[in-house]
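Novice: One structure is given below, represented as structure tokens, and several questions about it will come after.
The values are calculated or read from the model by the stated rules, or taken from the named source; none is laboratory data. The structure presented is a predicted model; accordingly, all values stated were derived computationally and were not measured. As a convention, Cβ positions derive from the backbone with ideal geometry for all residues, glycine included, and neighbour counts pool all protein chains shown. Accessible surface is based on the protein model in full, side chains and every heavy atom, while ligands, DNA and RNA are left aside. Shrake-Rupley method; radii C 1.70, N 1.55, O 1.52, S 1.80 Å.
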Amino acid sequence: MKSSGSARSGKTSARPIIEIGDGVRFRVGDIAKRCLDPDTRRIHIVSNRKVSGYYGKDISKSLRKAGFELSQSLVIDGERAKSFSGLQKVLEDFSRASIRRTDACLALGGGVVGDLAGVASSVYLRGIQFIQVPTTLIAQIDASIGGKTAINSRYAKNQIGTFYEPSFILTDVAVLETLPGREFASGLYEAIKHGAVGNRKLFNETKDFIEEFPLANLRKSFAQEEFRRRLREFVSIHADFKARLVSADLREKSSRADRRSRKILNFGHTIGHALEQVSSYKHFRHGEAIGIGMLVAAEISKSLGILRSDELKLLNDAIESVGQLPPTKDIEPKHLLAALESDKKIIGNSLQWILLESIGKPKIFRHEEIGRRVISSAIFAVLGRSWNFSQFED
Ligand SMILES: NC(=O)c1ccc[n+]([C@@H]2O[C@H](COP(=O)([O-])OP(=O)(O)OC[C@H]3O[C@@H](n4cnc5c(N)ncnc54)[C@H](O)[C@@H]3O)[C@@H](O)[C@H]2O)c1
Ligand SMILES: [Zn+2]
């Protein structure tokens, strides 16, 4: 993986080709010429109006200059784009644009666009080349790396998808300048997750970055050379962490339960996904749901006696330092528990929890090993912080 300079060519290694830099989007054409099949004639860009409005021209100009023909799909903004109808739209746009087996699809956007365009690329003509140009912090440090693609079904988030590696990932940290603060915060929660399950060094570096560059000054920070340098470094270390972890467990082997299985990246996601689902993907940004999910998982870890209070406090403080999480007062705990039960029905015994023994030491538990009572009390303890408790008194 590179944090500046040119991308590696060839696709032999398990690690993806990732080019990270400040302003690298202007070189997408050159990199595509180097990394794609020499027969690639057309590149189909998948984006949404907002992101395409900001960066579509820069990308198109560079690709045209490199000799590619272009076509595009603009999908709706938000999680609802990761649906059967969203997928159908992109696939039909591919057909209308006469995309061939040797052509490519480029995802320009956040995790939603990347996940959707990834599924479409992997099934169209049994797989066309795929390029990720992630434009949110979550997508740059997490979603674009690891080859997971997905759409949601009415039953569960990310239920339909494939493992499909992009030919390359082009990460321009300069595009984060237009990202709303709330979306930036959402990415910071996933960064804290990396530190919490990864190692204490990554956790401390993440915490320091968040404390040094408070979100309230984000716009001003972008004017500072020092911030841009640190942001590039921050994105690089997190992208590298994820790339390393997934390269050792490419298909997320279900039988693995060791602390280097890529499953550890699901820390905070058991409750996080349930929260997103019960609120119909409207109330929480993905990272915010994960922030709350990590608080619950850590609370469970403490109840089971595997996580010390001072380690729990370190994690809680880091999450708090990002800013205020959205209130959870409209979330009915019984709906959350029902969403967990429904997940369990769908995936059977494989419903697992990533808990913590300490920062950097995750431990995987089966749902049954924890017990309903511990889980509900942890949910009550965490969500109750923003509840008016009287609503639960009979
Ligand atoms: N495949 C994976 O491994 C993986 C990992 C983590 C998350 N995800 C998925 O990613 C999704 C969340 O991704 P997300 O948080 O990026 O959400 P998102 O794609 O919805 O983007 C968030 C918002 O930011 C806007 N936006 C994007 N880039 C922008 C920019 N540069 N400037 C201004 N606005 C911009 C988008 O239009 C959207 O409104 C979820 O569906 C989650 O399941 C997937
Ligand atoms: Zn996530």
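Novice: Mind checking the per residue accessible area of the chain for me, 1.4 Å probe, whole number of Å²?
Specialist: For the chain, the per-residue accessible area is 43 Å².
Novice: Return a whole-number percent for the relative contact order of region 71-165, with Cα pairs under 8 Å and 6 or more residues apart as the contact set.
Specialist: Averaging sequence separation for qualifying contacts and normalising by length gives 27 percent for region 71-165.
Novice: How long is the gain from Lys282 to Glu341 if the chain were fully straight, where each residue apart is worth 0.36 nm and the alpha carbon distance is subtracted?
Specialist: Fully extending the segment from Lys282 to Glu341 adds 19.1 nm.
Novice: Starting from the eigenvalues of the Cα gyration tensor, five times each then square-rooted, give me the equivalent ellipsoid semi-axes of the chain, largest first, whole Å.
Specialist: Semi-axis lengths for the chain are 35, 23, 19 Å.
Novice: Count neighbours as other Cβ atoms within 10 Å of each site's Cβ, and list the trypsin sites (Lys or Arg not before Pro) in region 76-127 that are DSSP loop with at most 14 such neighbours.
Specialist: Arg100, Arg101
Novice: Looking only at Pro333, Pro134, Pro362, which one moves most when the chain is put into a Gaussian network model with springs between Cα atoms under 10 Å?
Specialist: So, out of Pro333, Pro134, Pro362, the one fluctuating most is Pro333.
Novice: Further question on the same structure: Quick one: how many lysine pairs in region 254-391 have C-alpha atoms under 16 angstrom apart, if they're 8 or more apart or on different chains?
Specialist: For region 254-391, the number of qualifying lysine pairs is 8.
Novice: Between beta-carbons, use under 11 Å as the cut-off and find the net charge around Ile237, counting Lys and Arg +1, Asp and Glu -1.
Specialist: +2
Novice: Run the paramagnetic zone check for Arg126: 7 angstrom along Cα to Cβ, then residues of region 145-181 with backbone nitrogen under 18 Å.
Specialist: 162-165
Novice: Here is a further query. Nothing charged except the Cβ atoms of Lys and Arg (+1) and of Asp and Glu (-1): what's the magnitude of the dipole of region 45-108 about its Cα centre? Round to the nearest 20 debye.
Specialist: Computed about the Cα centre, the dipole is about 120 debye.
Novice: Among His238, His286, His335, which one moves the most in a GNM of the chain with springs linking Cα atoms closer than 10 Å?
Specialist: The residue that fluctuates most here is His335.
Novice: In whole Å, what is the distance between the alpha-carbon centres of region 170-194 and region 114-148?
Specialist: The distance from the Cα centre of region 170-194 to that of region 114-148 comes to 17 Å.
Novice: If you average the sequence gap of Cα pairs under 8 Å that are 6 or more apart and divide by the length of the chain, what percent do you get for the contact order?
Specialist: RCO, the chain: 14 percent.
Novice: Hey, any idea what % of region 235-394's accessible area is carbon plus sulfur with a 1.4 Å probe?
Specialist: Carbon plus sulfur share of accessible area: 49 percent.
Novice: What residue among Ser122, Ser280, Ser236 has the largest mean-square fluctuation in a Gaussian network model of the chain, using Cα springs under 10 Å?
Specialist: Ser280
Novice: If you put +1 on each Lys and Arg Cβ and -1 on each Asp and Glu Cβ, how big is the dipole of the chain around its Cα centre, in Debye rounded to 20?
Specialist: So the dipole magnitude of the chain works out to roughly 1100 debye.
Novice: Then there is this: Dipole size in debye (nearest 20) for region 285-387 around its Cα centre, Lys and Arg Cβ +1, Asp and Glu Cβ -1?
Specialist: 200
Novice: Give the residue list of trypsin sites (Lys or Arg not before Pro) in region 130-172 that are DSSP loop and have at most 13 other beta-carbon atoms within 10 angstrom.
Specialist: Arg154
Novice: Length gain on complete extension for the stretch Glu233 to Asp30, per 0.36 nm per residue less the alpha carbon to alpha carbon distance?
Specialist: 70.7 nm is the gain from fully extending Glu233 to Asp30.
Novice: Find how much the distance from Arg372 to Arg200 grows on full extension, using 0.36 nm per residue of separation minus their present alpha carbon separation; answer in nm with one decimal.
Specialist: Full extension of this stretch gives 58.9 nm more.
Novice: So for the chain, taking the charge dipole from beta-carbon charges (+1 Lys/Arg, -1 Asp/Glu), which of Gly198, Gly21, Leu351 sits furthest toward the positive end?
Specialist: The one lying farthest along the dipole's positive direction is Gly21.
Novice: Let me ask another. So which DSSP H runs in the chain come out at 27 Å plus along the axis (Cα) with average Kyte-Doolittle of at least -1.0?
Specialist: Passing helices, by number: 225-247.
Novice: At a 10 angstrom cut-off on C-beta neighbours, averaged per residue, how do the peptides 368-377, 60-69 rank from highest to lowest?
Specialist: Ranked by mean Cβ neighbours within 10 Å, highest first: 60-69, 368-377.
Novice: For a paramagnetic label modelled at 7 Å from the Cα of Asn217 toward its Cβ, which residues of region 225-239 fall within the zone defined by backbone nitrogen distances under 20 Å?
Specialist: 225-235
Novice: Using every alpha carbon pair in region 130-272, what percent of pairs falls into each 10 Å bin from 0 up to the bin containing the largest distance?
Specialist: So the P(r) values, bin by bin, are 11, 40, 35, 13, 1.
Novice: Follow-up. For region 189-258, rounded, prolate or oblate, judged on the Cα gyration tensor with a ≥ b ≥ c (square roots of eigenvalues), a/c < 1.5 rounded, else prolate if a/b > b/c?
Specialist: Cα axes put region 189-258 in the prolate bin.
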